[in-house]
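Here's the structure we're looking at; comments come further down.
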Amino acid sequence: MKIAIIGQGFVGKSLAKSAVENANVVVGFDLKSMQPFLLDEKNYLQTTNPEDLSDAEVIVIAVPTPLNSERKPDLSAIRIACETIIENVKKRVLVINESTSYPGTLRNEIAAVIEGASGLGHMYAASPERVDPGNENWTQKNTPRLLAGLTSEATALALKFYSTFCDQIIEVSTPEVAEAAKLFENTFRQVNIALVNEFAQISNALDIPTREVLEAAATKPFGFMSFQPGPGVGGHCIPVDPSYLAYVAENVGVPAEFIKRANQVNLGMPAYVVSRVAKDVGSLKGKKVLVVGVAYKTNVSDTREAPAALVIDELKKQNAEVSWHDSVVGTWNGQTSSELEGFDIAIVVTKHDADSESSIKASAPYVFDCTGSIKGVAGL
Ligand SMILES: NC(=O)c1ccc[n+]([C@@H]2O[C@H](COP(=O)([O-])OP(=O)(O)OC[C@H]3O[C@@H](n4cnc5c(N)ncnc54)[C@H](O)[C@@H]3O)[C@@H](O)[C@H]2O)c1
């Protein structure tokens, strides 16, 4: 099939790769020009020219859906993508939205806007992306995909497209179900992570080893699911998507108290971590502190919404002399990663496989581990 993808970031690229590898012809359009990532000149065109969309049968939107400065949904990239379609697509196509957003986005923010301007009677479907960066077990191919079209014709064509590279497609009754399911999945994680973060604080105050309790609880074979405490949540899904759900909830008069409380607990973790370090070592003023791991998760280079930035802010508030090390990120905010040596304190926020436990322990006489992966040191 002839596919065009609007947005060639993490999601758009991985979709392009799967689609090309499975006999589709893909145009990958982005506002930014970037290094070529897929060398298949016959079947893949990476472009910044919106006119290249004109020949597609299926157009997939995979653009960022962040929060604005008031932590409310920012759909500006989706709006610009709609304009791009209106201006450049002159025949009837299937438009699929894979970007995460609140229920009603496909119907009201995409289909209504495009039809209002072009009136071509395009088909529309929602299939929110679920891929987990760095997870080798669950990929585009074997992660079940949710899908619903605004019409049965749209659903059928979207099914045909995704069947070329997905093992399991779950058709739901409306796009709103697919959109809400995606938000609920990530809200489930956000709330459970907040719960375990709160529990870590309770068990520490009670002088009970948190991780041993969690391991013990996880032996229950039913009705329990394991989550681990940490310095907060990062990336652009877990800290962001629940606020999309809270936003629509409040628009219809339902206070999303759980989501707000979970955000508070998770955002409070960097200050809690620094308070635990200060409790152990005393004043942090003038102490040379190394924050190990500024990516938001293990073995990825993504620093978006990473809790390390908040840990560093907290340490600076205590007048510590702060450096950071990250063997995967390398350069961050114009600075390069420090060596793992010569510090008073090391706080492990994210541990990549590239850094050994012994090299982290050798970096400072006091190590505080937020990850639960370094033995014999203080931590969450
Ligand atoms: N990264 C993930 O793990 C993940 C997982 C599931 C869902 N999602 C969702 O998928 C969507 C995309 O995420 P991502 O991680 O690929 O983002 P990203 O920031 O990596 O990439 C988005 C790309 O879109 C481009 N872009 C922005 N506006 C554009 C426009 N109007 N036209 C063309 N290109 C445009 C940007 O230049 C960028 O290259 C978001 O809604 C996100 O929440 C992401």
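The values are calculated or read from the model by the stated rules, or taken from the named source; none is laboratory data. All values reported here derive from a predicted model rather than from experimental measurement. No Cβ is skipped: glycine too gets one built from the backbone with ideal geometry, and neighbour counts run over all protein chains shown. Each accessible area value is taken on the protein alone, full model and side chains, heavy atoms only, with ligands, DNA and RNA left out. Shrake-Rupley method; radii C 1.70, N 1.55, O 1.52, S 1.80 Å.
Just a few scattered comments:
- Once backbone amide H atoms are built at 1.01 Å from N, Asn299 has His352, Asp353 as its partners under 5 Å, excluding neighbours fewer than 5 places away on the same chain.
- Cut-off 14 Å between beta-carbons: net charge of the residues surrounding Ile114, Lys and Arg +1, Asp and Glu -1: +1
- Karplus 3J(HN,Hα) series, Hz, for region 292-297 with 6.51 cos²θ - 1.76 cosθ + 1.60 (x for Gly, Pro): 9, x, 9, 5, 7, 8
- Restricting region 56-110 to trypsin sites (Lys or Arg not before Pro) in coil, as DSSP defines it, with at most 13 other Cβ within 10 Å: Lys90, Lys91, Arg92
- With N as its number of residues, region 142-257 has a Cα radius of gyration that, divided by 2.2 N^0.38 Å, comes to 1.40.
- Between Val177 and Glu339, the FRET efficiency estimated from the beta carbon spacing at R0 = 41 angstrom works out to 0.20.
- Sites Glu250 and Gln168 - FRET efficiency at Förster radius 22 Å, r taken between beta-carbons, to 0.05: 0.05
- Along the chain, counting only GluC sites (Glu not before Pro) with a DSSP assignment other than H, G, I, E or B and at most 10 other Cβ atoms inside a 10 Å radius, the longest segment between sites is 137-380.
- Placing +1 on the Cβ of every Lys and Arg and -1 on the Cβ of every Asp and Glu, with nothing else charged, gives the chain a dipole about its Cα centre of roughly 420 debye.
- Here region 292-336 has 40 percent of its accessible surface on carbon and sulfur atoms, given a 1.4 Å probe and all protein chains in place.
- D (Stokes-Einstein, µm²/s), Kirkwood Cα radius, region 1-135, 0.692 mPa s at 37 °C: 218 µm²/s
- Directionally averaged projected area (region 149-188, Cα convex hull): 3.1 nm².
- Cα-based convex hull, the chain, per residue volume (Å³, whole number): 155 Å³
- Heavy-atom accessible surface of the chain, averaged per residue, reaches 47 Å², computed with a 1.4 Å probe.
- Rolled with a 1.4 Å probe across the full set of protein chains, the surface gives Tyr124 an accessible area near 10 Å².
- Take the Cα of Glu321, step 7 Å toward its Cβ, do the same at Arg107, and the gap between the two points is 6.1 nm.
- Loop-resident trypsin sites (Lys or Arg not before Pro) (DSSP state other than H, G, I, E or B) in region 279-380 with no more than 10 further Cβ atoms inside 10 Å of their Cβ: Lys285, Lys375.
- Helix-derived mean residue ellipticity, 222 nm - over the chain, DSSP H n ≥ 4, -39500 (n - 2.57), to 500: -11500 deg cm²/dmol
- Here's how it looks for Gln46: its modeled amide H is under 5 Å from those of Gly28, which are all 5 or more places away or on a different chain.
- Separation in nanometres of the label points that stand 7 Å from Cα toward Cβ, at Lys90 and Ser118: 1.2 nm
- With contacts taken as Cα pairs under 8 Å at a separation of at least 6 residues, the chain carries a relative contact order of 11 percent.
- Fully extended contour minus Cα-Cα distance, from Thr143 to Ala362, at 0.36 nm per residue: 74.9 nm
- Non-local lysine pairs in region 296-375, meaning eight or more places apart or on different chains, with alpha-carbon distances under 21 Å, amount to 6.
- Along principal axes, Cα extents of region 229-380, largest first, whole Å: 55, 31, 30
- Size of charge dipole - region 247-380 - debye, nearest 20, with Cβ of Lys, Arg +1 and Asp, Glu -1, no other charges: 380 debye
- Split the accessible area of region 97-167 by element, probe 1.4 Å, and carbon with sulfur accounts for 52%.
- Inter-label distance for Met34 and Asn22, nm, one decimal - labels placed 7 Å from Cα along Cα-to-Cβ: 2.1 nm
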